Amino acid sequence: MQQHNTSPQDADDDRRRKKRPHVSIAGRRLPIPHSRPARLLSGGVLVLLGIFGFLPVLGFWMIPVGLLILSYDLAAIRRWRRRLEVWWHRRKGRRD
């Protein structure tokens, strides 16, 4: 029988590997797919189907969610999202 000696550093490495990619919305972490092609496909499908938001079942809510998923991998969308976040926090700060 083999005994495995695991150090705290090994445990931290395992946690990092198992940690899922995520996006944060309103302070909540939402998991997204591990693989880049799956993220690009799911984000793109959400944006494309969101265009037909006037139809039943589909909705315009799909567009921002799709863009949020795409922002994990695409720098141009990520920059746009960060600008929007900065604007939102500045605006929110003026109200207080």
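So if I check each of Arg28, Arg78, Arg95, which one is among the basic types (Lys, Arg) and either in contact with a helix residue (DSSP H, G or I) (Cβ under 9 Å, 6 or more places away or on another chain) or in contact (Cβ under 8 Å) with a residue 60 or more places away in the chain (or both)?
From the options Arg28, Arg78, Arg95, the qualifying one is Arg78.
Taking Gly27 as meeting all but one of (1) modelled with pLDDT under 80; (2) in contact with a Phe, Trp or Tyr (Cβ under 8 Å, 6 or more places away or on another chain), write down the number of the exception.
With respect to (1) modelled with pLDDT under 80; (2) in contact with a Phe, Trp or Tyr (Cβ under 8 Å, 6 or more places away or on another chain), Gly27 is out only on (2).
Would you please name the residue that is surrounded by the fewest Cβ atoms within 10 Å (Cβ to Cβ), looking only at residues in the stretch 55-74 that are under 11 Å from the mean Cα position of the chain (by Cα) and assigned to a loop (DSSP other than H, G, I, E, B)?
Applying the filter and picking the extreme gives Asp73.
The values are calculated or read from the model by the stated rules, or taken from the named source; none is laboratory data. This structure is a prediction, so every number in the text was calculated from the model and none was measured. Cβ sites come from the backbone with ideal geometry, for glycine too, and all protein chains shown count toward neighbours.
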